[in-house]
Every structure is written in C-alpha cells, then in structure tokens.
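Notes follow once the structure below has been shown.
No lab work stands behind these numbers, since they all come straight from the coordinates. Since we're looking at a predicted model, the values are computed, not measured. Cβ placement follows ideal geometry from the backbone for every residue including glycine, while neighbour counts extend to all protein chains displayed.
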Amino acid sequence: MHKRKYKSGLILLLIALPLCWWACDKPNPPSGCTDITASNYENWAIIDDSSCVYPEAGALIFQDEFNGSSLDNSKWVHDIGTGEWGWGNGELQYYRPENTIVSNGTAKITAEIGTNGLDYTSSKIKTDGKFTFRYGKVQARIKTVEGQGFWPAFWMLPSGGSWPCDGEIDIMEHWGNNGSTNETTGAAHLGLCPYSSSSHAYKSFHQEISSGSYADDFHVYEVRWMPNHITWYVDNIKVFEVTPDMYPSSYEWPFNSNQWYLILNLAITNSGPNSYTEFPSQIEIDWVRVYNYG
C-alpha cells in the first residue's frame, strides 16, 4: 500500500517537473516591446514598456505604384515656376511638368541644365487638392541621387496652411555633395506666423547608411503619424521620434490639426552645383502608400 502511494507520487512528480520548469524558468522578456531583442517586440509600439500599446495599421487609403506611362493626374498636381524667393529657400530650379516621367514601373524626377534663360529645371509633384489626410503610416520607396547642389525630398504640408505655424513634416531629405549620399534626414517644423528665425523650431535626425550610398538602390522612407507622436523609419528601422514636450511650450503643436498632402521634389540648393555635379540626374520613386489607423 505505501509502495503504491510512493509510486503514484513519483509519477505525478515526474509529470509536474517539466511543467514547473516551463512555467517557472521561462525567461522573462526584456521590458520594452520596441526592443528588437525582446520576445514581445512589436515594431508598431509607441510606448516602450511591457504594455506594448500601439496603433493598428488600417486600410490602404492612397497608393501609386507608377505602373502607367504618365503621371496619374487624379492623384498628383505640379507646382510650376520658381516660387517666391525660390520656394522660400532661395532654390535655383524652375519646376515644370516635363521633368517628371513615368516608365517601367517608376516615376522619375529629373534635374537638368535649363534653356531659354533658365539655369536649372526639375519637378515638384503633390497631392494637394487630390488627396489629403491626417494620421497614418506614410511610405515611399525611393532611389535618390548624388551630386553637390541636389536636394531631393519626400514631405508633407497642411492644405491651405501657413508656415511655420501650421507645421511641416519632412519624411526624407538628402543633401548632395561631392561624395556618396550616405546620410538621410527628416524633421518636424513648427513655430509662429508670420515667420521669423526667432519664432521657429524644428527637431531632426541624421541617419547614416552602413555602407555605400542611398543612391545605390531603393530604400523605404516612412513616418508613422498619430496624435502627439511622429516616428520616422528607414527600411522599417525606427530612427527618430518627436512629441509635443520636445518643443518650446510657447509653440502650439500643429500636427493634430488640418488635412495634409504629400510632396515629392528634386530641388537645387541656393549654393548650387559645382563642376563635379552631373546633369541630367534623377530620383526614382517605385511607389507611394498611405495607410490609416484602424
């Protein structure tokens, strides 16, 4: 009788031991689900703790895969001309539709030496009046350019807004030089209107590529934009974020208001190209996509 009890207890113990080991000795994940090494890693997380609070990606609300033979004028319009004082930055290019073409599944924006009194020509396309939104996951897959004076950008402005009080979100900017385009940047601008250098603030980042140039191949540039929070990603790697408390309290956070549109352009900086800069040169856009948050 006692032997049977002993044998039954031994069997139960042998069954229970693995369960206890699994339950008791299972390593706890690192706190913070934005830590890529954590077992609870979630790259959409916006709170870096074990709660893993994050917005769900919702519906695809805008896309252009550039699979046609011309720019889709139901989605894009052109800015034309030089703008006031070179679009506000003393830029040297004249924007015109002829410098955007669509072929072989991509859109190309080309900077060229100008004719008929124009120093340089290029293109700037935007969705203003065609597609506007607020909040979402915004992406473009772009192959950029090398050369002193080139300034390609993928960015957003509020429709009908004033600058800088209504804000600006720069998803990707590159500054060409004599060497490789090995650094990408982005920023969020705000301030008071009318503009003055003393009433404007921005936060930005500079992300270097591990080897080569951003112009060697396509890369995905992205922001994930939600109330009181904007994060930047390059090739699905989080590189930067901003929140209202990172800015002076005297400025209103403008990124929870208005409807915003997308912009893609290739500018020529005020300092211009040099003898090593090659013309024509182009940026190439494989696709643009915007998802809302469910």
In nm, give the distance between the simple-model label positions of Y195 and W85, each being 7 Å from the Cα along the Cα-to-Cβ direction.
0.7 nm
Relative compactness, the range 55-293, computed as alpha-carbon Rg over 2.2 N^0.38 Å
0.97
So how many Å³ per residue does the convex hull of the Cα atoms of the range 153-294 work out to?
135 Å³
Test of understanding: ordering T115, T269, T144 by Cβ neighbours within 10 Å, fewest first, what list do you get?
T115, T269, T144
Pairwise FRET efficiency - N270 versus H206, Cβ, R0 = 22 Å, nearest 0.05:
0.65
Lys pairs, the range 55-293 - Cα-Cα below 23 angstrom, 8 or more residues apart or on other chains
18
Sort Y221, Y276, Y251 so the one with the fewest other Cβ atoms within 10 Å of its own Cβ comes first.
Y276, Y251, Y221
Rounded to the nearest 20 debye, dipole of the range 55-293 from Cβ charges on Lys, Arg, Asp, Glu
460 debye
Taking the Cα-to-Cβ direction at Q63 and at S103 and moving 7 Å from each Cα, how far apart do the two end points lie in nm?
2.6 nm
Relative contact order of the range 55-293, pairs being alpha-carbon contacts under 8 Å that are 6 or more residues apart, as %
31 percent
Which FRET efficiency value, to the nearest 0.05, is calculated for S162 and D216 with the Förster distance at 45 angstrom and r the Cβ-Cβ distance?
0.70
Between D245 and S74, what length in nm is gained on full extension when 0.36 nm per residue of separation is reduced by their alpha carbon distance?
57.7 nm
